[in-house]
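Undergrad: Quick one: the structure is below, and I'll ask about it shortly.
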Amino acid sequence: MATDKLLLLFDKPLEPSFAKKGGNKTIEVPVDYLTDRYKEIAPTLANRIGEDSDEIVQVNQVPHPDLKDVLELGRRENFSLFLPKHKAMAAKLIDIFLKAKNVDEFFSLAVYSRERVNPYLFIYAYSVAILHRKDTKHIKIPNNIQTFPDKFFDSKVFGEVRESAAIVPQGSRIPIEMPLDYTASDLELEHRLAYWREDLGLNLHHWHWHLVYPGSGPPEVVRKDRRGELFYYMHQQIIGRYNVERLCNNMRRVERLTDWQTGLNEAYFPKIDSLVASRAYPARVKDQKMRDVNRRELNVDVEDIVRWRDRMYQAIDQGYVTNTQGQRVNLTEFEGIDILGDMMEPSDLSPNPQLYGSLHGMGHMIIAYIHDPQGKHLEPFTVMGDFNTAMRDPIFYRWHAFVDDVFQRFKGTIPRYTREQLDFPNVSVTDMNVKTPSGSTNQLNTFWQQSDVDFSNGVDFIGSGSVFVRFTHLQHEPFTYNITVNNTTGSNRMGTCRIFLGPKTDERGNPLLLNNQRLMFMEMDRFTVNLKQGQSTIVRNSTQSSVTIPFENSFRDLNRPAGVSQDQFNFCGCGWPHHLLVPKGKPEGYPMQLFVMISDYEQDKVDQPATDDAVECDDASSYCGLRNKKYPDKRSMGYPFDRVPRQGAETLPKFLTPNMRVQDVLINHANRTVRPRSNN
Ligand code: CUO
């Protein structure tokens, strides 16, 4: 396909484009596209590389793009989408790429830019452009683990990767093992959650979410249906899931980071290096205080986020925001959360960036520069400054627990759902259970699984050939929901089946009030069902979840059948990693509640605008939406748990209407490790 060549530019991001890319293809880069460093030697080098190539890829010459501002970020520096200057550079490059008249021109501009632009910035802008151009949006881009493995793996493995690539012939290479926990010891309480926070699929999902929903850029890239609300909801679910994971590990729920004056209790030593910047991500020792940042790339005071926070609270409490023209924009029951999401992140859609500033983003950066706020030591930002890495750090969750609480304050101001708004008259759920292939009923089973990932494409200057790293992650046995529904409406109806899983008790084993429990109800699945008259049973597999993407999509090269190209092996990167769908549980069984609700599809359905786009990448629409379409559920995200429960429904049993049902389940964890699937 004419667009295949675009994928070549993802390989080995620091190597010049004329070096062999993507197996046996060589890009014939026009000499005047090269930087001075390579101009002299390029012709000979390219000939040498080209000789044993199967295919030479031509580059049409086009006028050079104006990259002046974009080049302000050096090739060997780290790149952060939280930094306004970097965001502006990315927006400019995205714009250049989107304006290209056709694929050949786009490719040409990209080849020229790739030689000069910071590789992290280039790959980000290039990926956003590919996802949004009409003529390229069908392309499945590689996941970031393969392009920038340095942001995901213990830096120790890279020495071994180089050694293996240089010395061991292709067929005899054995995977390099990365231990499950390498960033701290058991003396650090927060380390109990490292398996979750440092999970590759989790961090990939977060990166990909922000790639699909850029905060800045040309309007067609930023302006997406309910994107502010989805920013709130996806991150709310992260905090809910994290809290459940903490309860499974006998830890209390995460504490909101609201005290910005005292030292932070949480230390974090990431042990990952940026290969591009040739620098380690800095550590944060215990008791560091948030201080004013005064660096070349950023000036922001702690007082600034204090002011923005107060203005956000004021807007919520008075029920409206003030836009740049001084007009009131009401925070309405259904759309208010979307506006607040855009203000909080902030995205270009914020109604008044001057007044409401950048609360969430600058919080990330004040924390990310906590070790060197004035740049005295020339230290880069910590993992909190990068979407690829932020979720590794315990402080991420404290910050986002605060962010979520601001949203919850708004949710506390809007009307509560009445019984009528929750009920589906004459449709009742009469039974529900979950079963696993090994014979468990209402018990889910988790364990450890090892998997291999080839990341040689992302390691520059090591030649070709695969190098696998073996890592260990949480996994669960698949399961099936069986839901019995009785439809006495007198006709066939359609419904939306909504499944959530939440903890049954608090830290001390006491029953939870619904208003606290609802924040930890994690969405497991949402799908449309046909309800025949009378009784019927809905059978649904866990692997069909609307929240997750299949394991193979998180780590694409795994298990790819021989002879199938990357492009054919469909990949949609955004989506909760399937292996983290179920929390870890406990060896003795962790009690949870499975909740199912069938709502009336007539009230849920969304009229999608007619486009010629096929629905693709719809594996994980709950957290990621649908590509180029409206969010496929009209209800507020998180419905029915997004609001304070009505008077009299203080506990879950009192909240239930006949179209809902709750089933107690146990989550059992077996501390055993299953070898990689490919070796089974
Ligand atoms: Cu996704 Cu704070 O937004 O990281």
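Undergrad: When region 265-284 is examined, which residues are found to be among the aromatic types (F, W, Y) and either in a loop (DSSP other than H, G, I, E, B) or over 28 Å from K85 (Cβ atoms) (or both)?
TA: F269, Y281
Undergrad: Consider G201 carefully, then state whether it is more than 14 Å from the chain's Cα centre (by Cα) and touching a residue at least 12 places away in the same chain (Cβ under 8 Å).
TA: Values: more than 14 Å from the chain's Cα centre (by Cα): no; touching a residue at least 12 places away in the same chain (Cβ under 8 Å): yes.
Considered against the rule, which asks whether it is more than 14 Å from the chain's Cα centre (by Cα) and touching a residue at least 12 places away in the same chain (Cβ under 8 Å), G201 comes out as no.
Undergrad: Still on this structure: Checking N388 against (1) within 16 Å of the ligand (Cβ to nearest atom); (2) outside any loop (DSSP other than H, G, I, E, B), which single condition isn't satisfied?
TA: Unmet for N388, out of (1) within 16 Å of the ligand (Cβ to nearest atom); (2) outside any loop (DSSP other than H, G, I, E, B): (2).
Undergrad: Then there's this: Report yes if R307 is within 30 Å of A649 (Cβ to Cβ), away from the ligand (no atom under 16 Å from the Cβ) and out of contact with any Leu (no Cβ under 6 Å at 6 or more places or on another chain), otherwise no.
TA: Taking the combined requirement at face value, the residue does not satisfy it.
Undergrad: Does any residue in region 285-301 that is assigned to a strand (DSSP E or B) come within less than 7 Å, Cβ to Cβ, of a residue that is surrounded by fewer than 18 Cβ atoms within 10 Å (Cβ to Cβ) six or more places away or on a different chain, and which pairs are these?
TA: Correct list of pairs: Q288/G263; Q288/H371; V293/N299; N294/Q374; R295/Q374; R295/G375.
Undergrad: Give me the pairs: first residue in region 177-194 and on the phi < 0 side of the Ramachandran plot and without any contact (Cβ under 8 Å) to a residue 12 or more places away in the chain, second residue surrounded by 13 or more Cβ atoms within 10 Å (Cβ to Cβ) and β-branched (V, I, T), beta-carbon distance under 8 Å, and six or more apart or on different chains, which are they?
TA: Once the first residue is on the phi < 0 side of the Ramachandran plot and without any contact (Cβ under 8 Å) to a residue 12 or more places away in the chain and sits in region 177-194, its partners that are surrounded by 13 or more Cβ atoms within 10 Å (Cβ to Cβ) and β-branched (V, I, T) give H191/T183.
Undergrad: Can you give me the ranges of the helices (runs of 4 or more DSSP H) entirely in region 93-188 with at least 3 residues that are more than 20 Å from V212 (Cα to Cα) and among the small types (G, A, S)?
TA: 156-167
Undergrad: Assuming D199 fulfils every condition listed in (1) more than 16 Å from the ligand (Cβ to nearest atom); (2) touching a strand residue (DSSP E or B) at 6+ places or on another chain (Cβ under 9 Å) apart from one, which condition is it?
TA: If we test D199 against (1) more than 16 Å from the ligand (Cβ to nearest atom); (2) touching a strand residue (DSSP E or B) at 6+ places or on another chain (Cβ under 9 Å), just (1) comes out false.
Undergrad: Counting only residues that are within 15 Å of the ligand (Cβ to nearest atom) and farther than 19 Å from D301 by Cβ, which one in region 346-362 is surrounded by the fewest Cβ atoms within 10 Å (Cβ to Cβ)?
TA: The extreme case among them is S347.
Undergrad: Next up: So which of M343, M365 ends up being within 18 Å of H235 (Cα to Cα), away from the ligand (no atom under 13 Å from the Cβ) and in contact with a helix residue (DSSP H, G or I) (Cβ under 7 Å, 6 or more places away or on another chain)?
TA: On the way: M365 fails: away from the ligand (no atom under 13 Å from the Cβ).
So the residue among M343, M365 that is within 18 Å of H235 (Cα to Cα), away from the ligand (no atom under 13 Å from the Cβ) and in contact with a helix residue (DSSP H, G or I) (Cβ under 7 Å, 6 or more places away or on another chain) is M343.
Undergrad: Also: Looking at region 430-450, is at least one residue part of a helix (DSSP H, G or I) and either in contact with a Ser or Thr (Cβ under 7 Å, 6 or more places away or on another chain) or of a type in the set (A, V, I, L, M, F, W, C) (or both)?
TA: No, that holds for no residue.
Undergrad: Restricting to region 391-418, count the residues that are surrounded by 19 or more Cβ atoms within 10 Å (Cβ to Cβ), hydroxyl-bearing (S, T, Y) and more than 13 Å from the ligand (Cβ to nearest atom).
TA: Here the count works out to 1.
Undergrad: Kindly indicate which of P270, P214 is touching a Leu at 6+ places or on another chain (Cβ under 9 Å) and within 16 Å of the ligand (Cβ to nearest atom).
TA: P214
Undergrad: In region 198-264, which helices (runs of 4 or more DSSP H) lie fully inside it and hold 2 or more residues that are touching a Gly at 6+ places or on another chain (Cβ under 8 Å)?
TA: Numbers: elements: 200-212, 219-222, 227-248.
Because the criterion is at least 2 residues that are touching a Gly at 6+ places or on another chain (Cβ under 8 Å), the helices (runs of 4 or more DSSP H) in region 198-264 that meet it are 200-212, 227-248.
Undergrad: I need a count of the residues in region 235-266 that are more than 30 Å from K289 (Cβ to Cβ) and either within 16 Å of the ligand (Cβ to nearest atom) or out of contact with any helix residue (DSSP H, G or I) (no Cβ under 7 Å at 6 or more places or on another chain) (or both).
TA: Adding up the residues that qualify gives 2.
Read-outs: derived from the displayed coordinates by stated rules, not from any lab. Note that the structure is a prediction, hence the values are computed from the model and not measured. Using ideal geometry, Cβ is built from the backbone for each residue, glycine included, and neighbour counts are taken over all protein chains shown.
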